[in-house]
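In what follows, a structure is listed as structure tokens, so that the remarks can point back to it.
The values are calculated or read from the model by the stated rules, or taken from the named source; none is laboratory data. For clarity, every value in this text was computed on a predicted model and none was experimentally measured. Neighbour counts run over all protein chains shown; Cβ positions are idealised from the backbone, glycine included.
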Amino acid sequence: MSRIGRKPIPVPEGVRINIEGNHVTVEGPRGKLSRSFHPDIKIALKDNQIVVTRPTDERMHRALHGLTRSLLANMVTGVTEGYRKRLEVVGVGYRAEMRGDKLVLHVGFSHPVEIKPPPGIKFSVEKGNKIIVVEGNDKELVGDVAAKIRAVRKPEPYKGKGIRYEGEKIRRKPGKAGKIGAKL
């Protein structure tokens, strides 16, 4: 049996769970999330814990068992604590700023790039316009929006300029070998 799938999900104080067949709605202090799951996987609320069970040991059911449990746990965490991703803007003259609720990036193009947050996502800029914070309740949406911001100007391998996740290591290339010790 799946080690992840069989772990029950504890429901914290102040969180309400509504299970209707394969559609689950989770409401908490930070908001409301809902999602539909595969009809073969059974989801039940027992003793203030969410329990996920599968009908057989088929390969598909084993895969869906752990996935369903992880998605439900992420929903519960999202409505209680929320999720956040931090991105660094690296490069001379590169910066990020807020205009209203929009994020404006100045990353070496001839024009600034404006990114409007989708519903449920909030942007903020810290540390002298060099750190972008993406916050929200839905883990999947937060990661997707952060990836789209990073894709505006991916870090390049020679100088490392661009937008990267905080703590991300960029593989650097040495550049031209003849540039340092060339004779004239």
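Taking segment 34-77 as the range and being β-branched (Val, Ile, Thr) and assigned to a helix (DSSP H, G or I) as the test, the residues that pass are 68, 76, 77. I'd like the residue in segment 40-71 that is small (Gly, Ala, Ser) and under 22 Å from residue 17 (Cβ atoms) and, out of all such residues, is surrounded by the most Cβ atoms within 10 Å (Cβ to Cβ). Selected residue: 66. Does residue 84 satisfy the condition of being within 29 Å of residue 165 (Cα to Cα), basic (Lys, Arg) and buried (at least 16 other Cβ atoms within 10 Å of the Cβ)? No, not satisfied. Looking at 159, 148, 130, 116, just one residue is over 14 Å from the mean Cα position of the chain (by Cα), modelled with pLDDT of 95 or more and either surrounded by fewer than 18 Cβ atoms within 10 Å (Cβ to Cβ) or of a type in the set (Gly, Ala, Ser) (or both), and that residue is 116.
So, of the residues in segment 1-33 that are without any contact (Cβ under 8 Å) to a residue 12 or more places away in the chain and part of a strand (DSSP E or B), which turns out to be surrounded by the fewest Cβ atoms within 10 Å (Cβ to Cβ)? So the residue we want is 20.
Can you name the residue in segment 45-82 that is basic (Lys, Arg) and touching a strand residue (DSSP E or B) at 6+ places or on another chain (Cβ under 8 Å) and, of all such residues, is nearest to residue 12 (Cα to Cα)? My answer is 69. Comparison of 169, 159 shows that the only residue that is in a loop (DSSP other than H, G, I, E, B), free of Cβ contacts under 8 Å to residues at least 12 places away in the same chain and farther than 30 Å from residue 13 by Cα is 169. Of the residues making up segment 114-127, those that are touching a residue at least 12 places away in the same chain (Cβ under 8 Å), over 20 Å from residue 168 (Cβ atoms) and not acidic (Asp, Glu) are 116, 117, 118, 120, 121, 122. Within segment 81-108, being outside any loop (DSSP other than H, G, I, E, B), farther than 15 Å from residue 135 by Cβ and in contact (Cβ under 8 Å) with a residue 60 or more places away in the chain holds for 88, 89, 90. Looking at segment 131-159, which of the residues that are touching a strand residue (DSSP E or B) at 6+ places or on another chain (Cβ under 6 Å) and of a type in the set (Lys, Arg) is farthest from residue 101 (Cα to Cα)? Selected residue: 154.
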